[in-house]
1. Compute the projected area of the convex hull of the Cα atoms of the chain, averaged over all viewing directions, and report it in nm² to one decimal place.
2. Spin-label point model (7 Å from Cα, Cβ direction): what's the residue 42 to residue 98 distance in nm?
3. Hey, rough spin-label estimate for residue 393 and residue 82, points 7 angstrom out along Cα→Cβ, what's it come to in nanometres?
4. Relative to the longest principal axis of the C-alpha atoms of the chain, give the angle of the C-alpha long axis of helix 101-111, reported between 0 and 90° and rounded to the nearest 10°.
5. Computed FRET efficiency, Cβ-Cβ of residue 284 and residue 24, R0 41 Å: what is it to the nearest 0.05?
6. Let's test the formula: R0 of 22 Å, r as the Cβ-Cβ distance of residue 315 and residue 260. What FRET efficiency results, to the nearest 0.05?
7. In nm, to one decimal, how far is the modelled label at residue 460 from the one at residue 217, with both set 7 Å along Cα→Cβ?
8. Based on the mean of other Cβ atoms within 10 Å per residue, sort peptides 129-135, 142-148, 295-301, 371-377 so the most packed one is first.
Ligand SMILES: Cc1ncc(COP(=O)(O)O)c(C=O)c1O
């Protein structure tokens, strides 16, 4: 297929081919998919083609402020990954039954003496496993929690742990869509008609929900129900709930409560990993906030492969061959991670995102929220993980707004928002997520905000 440069148009037969190709892919959005196709990309720039409307077939230059659901931290086709592809392929394809040189190099660089993350996860205390996606990583984390309370020899709950069958999760959380995780989502839309936890001992899972970031509710919950808890599963900044940043001290207090009550703390850092101005969002001014299990994903695959990693205390394990995976830290995946992580660290892109993110939020406040108060109400975030909460009115015209934004040359995503929360807390509407790849510099951020403003202006001008 001949793909013209931005400004040019696709041949009608090619446009038809792209429409047919789109129809061959299962639609996971109930008809709400964006009618756009990406032709190619480099860095932050994507060449996209609308499939419908007046400009169907015209190639647009679009700035990516989404990073592929916040996974492509190096943007597209980053040169630092090219040698890793070659080396990774040359080092073969061992499964998790065998060791590999490339896996050794990666794990040593991360968790070995003096390793990049050894202050938080020293290799003597933690071990790691690779999975194919964030969802699979969370499934393994949940499995580690359940296995920790289960006596494999007697096939019953461990003595003294019989009453600990509750997992605490948070309202509005998103941990993935696979079977074991559905019970951890408090939203009916994701749960009804799908497997729910059996509550029968010793195999049952009972899930309690609290609104996120409410310290007093957390204290009360632990005081009343701490002895029933086996684990807490938390996103340190909630993503799908609309980029909710907890108040200072909240996460450290949560970790302390877990320790006091002998409860495992699982941090879902699939989304926050490398996005918030630090590798891990479970960090405050005192340093790392300790966790028993941490799951990272998305950016870890550098936008090149889908992968996740579960980092757990050594005493947490699964039953023999209970979590075997064909693709646990394959040499190619390890080589890509190693090159990408090294590049992020050497270029100090994570720290830069911390500082530039503050300016980005300021611009979003001034040029988007204040410019369109009928559509946007609040900016929240840290680093390059930011949300702009919509008003009720704007939340009804989401797909049209997104299309206008794309036509104005910027790609953003929208998060569902936590919606209705318990304890009389206010309703949280969907949020526009502005989470560009970490390669975005100050000038890129300025252009992103400019295009968001222009797309919103076109949306308003077009009327209801
Ligand atoms: C916080 C969080 N956890 C888990 C997942 C699931 O990751 P994946 O889509 O790679 O399965 C996501 C994906 O959006 C996420 O945001």
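1. 22.9
2. Inter-label distance under the simple model: 3.9 nm.
3. 5.0
4. The two axes meet at around 80 degrees.
5. Numbers: r = 47 Å, r/R0 = 1.16.
Once the sixth-power term is evaluated, E becomes 0.30.
6. Details: r = 19 Å, r/R0 = 0.84.
Efficiency, from the Cβ-Cβ distance: 0.75.
7. Computed distance between label sites residue 460 and residue 217 equals 3.3 nm.
8. 295-301, 129-135, 142-148, 371-377
Values in this text are rule-based calculations from the coordinates and carry no lab data. Not measured: the values here are computed from a predicted model. Glycine gets a Cβ as well: all are built from the backbone with ideal geometry, and neighbour counts include every protein chain shown.
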